[in-house]
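Structure record follows, encoded as C-alpha cells.
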Amino acid sequence: MNGVEISRRHYLSSVAPGLRGVPHAAALLGPGSEVLGYDDDVSPDHDFGERVQVFRAGHETVGEFFAGLLGFDPGNGVTIADWLLTPTQVFASLTRGAVFHDPDGELARRRAAIAWYPDDVWRYALAAGWLKVSQEEAFVARTGSTGDEIGSRVLAARLVRELMRLAFLVERRWAPYAKWFGRAFGELSLAARLAAPLKAAMTAESWREREEMIGTAGSTLAAATNELGLGPALDPSSRQFYTRDIRVLAADRFTVALTGEITDPVLLGVIDRVGRRQEIPKLPGTIDQAVDSTDILGNTQRFREAGPLLGLG
C-alpha cells in the first residue's frame, strides 16, 4: 500500500470521525516521496507513519499552509516574482499528493492557481533553459578534441540535465528534487525519444558520439519547442559551430525567438536590466535555473530573498 493510500485510510478511519460536524479540509501535500507517488517498501512515508494535514478556520488555514511553503498565498493571486522565485520542486509538492476533503474548494483553488506558468513566464523559462544549453553545447567536442576526456564527460552530463529540464518545461510538468528527477523524467512522453540518446551521451567512449547524441536529443527537444507555438518555429537541426569542426544546435536561437514574443512588462523589465536587450539576452531564468543549492531551494525564506539575483526590481 502506498503512502497516499495509507494516509487516506488514516484520515477516513481515525481523523474524520473526530471532526464530524466541524468545517475543515484535509490533504497530504508538501515534502515527501509519497506525495510525489514515489514511495516504496524502503520509504513508504515521509515521517515514518500515517500523516494528514487538517485545516480549520481559526487554526492553521489553507492559505497559511501554502504561504509557509511558497512564501505567498496563491489564493490571492500569483505575481511574476512568485513564479520566478519558487522552485519547481515546491510547486510539484503542492500540486501532486492527494486531497481527502475540500468542501469549500480552498485546496483545489490554490492548486489550480499554481498548476503551470502563464505563457510569458513559460516563454521566459524555456528561453533561459535554451540559453544554458547554448553556453556549453560546443564544449563537449572542444574539450574532447584536446584529450580532456573527463571534462568532455562532465560537460555532456551537464547538458543532459539541462535537456531533461527542458523536457519538463515542454510538457508542462513541475520537476521534483534531485532524488526523483530521473524517475519523473521517465514518465514524460518525450522520454521515449530522449532517454536513449541522453543515456548514450553519458556512456559514449568517444567525444564524437557524445556530440552526436547531445545533438540528437537537442533537435528532438527543439522540434517539441516549436510545436508549443510560443514563438516562431526554427530549424531544429544541428549546424557547424562557426568554422570549427564542431556541431551544435545553436540553442540561443530559441532564446531570441521566445523572448521576442514576451509582452509582460515585468519580464521585459528583467530582460532589460539583466540582458540589456542584447542580440542574445543574458537571462538568469527562474530560481532553479540560476541556483543549484539545496539549502536555498529547500528554504522558503532564502529563495524568496533571491529577487535581485534574478533581476527582479
Could you tell me whether region 207-230 includes any residue that is at pLDDT 95 or above, among the hydrophobic types (A, V, I, L, M, F, W, C) and exposed (fewer than 15 other Cβ atoms within 10 Å of the Cβ)?
no
From the list Y117, Y124, exactly one residue is crowded, with 21+ Cβ neighbours inside 10 Å and in a loop (DSSP other than H, G, I, E, B). Which is it?
Y117
Testing N2 on (1) of a type in the set (S, T, N, Q); (2) in contact with a Gly (Cβ under 8 Å, 6 or more places away or on another chain); (3) buried (at least 19 other Cβ atoms within 10 Å of the Cβ), one condition comes back false. Which one is that?
(3)
Could you list, in sequence order, all residues of region 227-249 that are closer than 30 Å to T146 by Cα, of a type in the set (A, V, I, L, M) and in contact with a helix residue (DSSP H, G or I) (Cβ under 7 Å, 6 or more places away or on another chain)?
I246, L249
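Quick grid of which residues meet (1) touching a Pro at 6+ places or on another chain (Cβ under 9 Å); (2) of a type in the set (D, E, K, R); (3) under 21 Å from I280 (Cβ atoms):
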| residue | (1), (2), (3) |
| --- | --- |
| R193 | no, yes, no |
| E205 | no, yes, no |
| E227 | no, yes, no |
| S237 | no, no, yes |
| D245 | no, yes, no |
| A250 | no, no, yes |
| V256 | yes, no, yes |
| I262 | no, no, yes |
| P265 | no, no, no |
Evaluate region 77-87: report whether one residue or more is small (G, A, S), more than 20 Å from N299 (Cβ to Cβ) and either out of contact with any Phe, Trp or Tyr (no Cβ under 6 Å at 6 or more places or on another chain) or not in a loop (DSSP other than H, G, I, E, B) (or both).
yes
Does E64 satisfy the condition of being without any contact (Cβ under 8 Å) to a residue 40 or more places away in the chain, in a helix (DSSP H, G or I) and within 26 Å of V15 (Cβ to Cβ)?
yes
Given (1) of a type outside the set (D, E, K, R); (2) assigned to a helix (DSSP H, G or I); (3) in contact (Cβ under 8 Å) with a residue 12 or more places away in the chain, identify the lone condition not met by I296.
(3)
Across (1) outside the structural domain of Y177 (by TED's automatic domain parsing); (2) closer than 30 Å to M164 by Cβ, R123 clears everything bar (1)
Scan region 231-245 residue by residue and report those that are crowded, with 16+ Cβ neighbours inside 10 Å and under 26 Å from V121 (Cα atoms).
G231, L234, P236
Being touching a Phe, Trp or Tyr at 6+ places or on another chain (Cβ under 9 Å) and either of a type in the set (G, A, S) or not assigned by TED's automatic domain parsing to the domain that holds V248 (or both) is the filter here, so list the residues in region 186-217 that pass it.
A191, A195
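The values are calculated or read from the model by the stated rules, or taken from the named source; none is laboratory data. Everything numeric in this text was worked out from a predicted model, so none of it was measured. All Cβ positions, glycine included, derive from the backbone under ideal geometry; neighbour counts span all protein chains shown.
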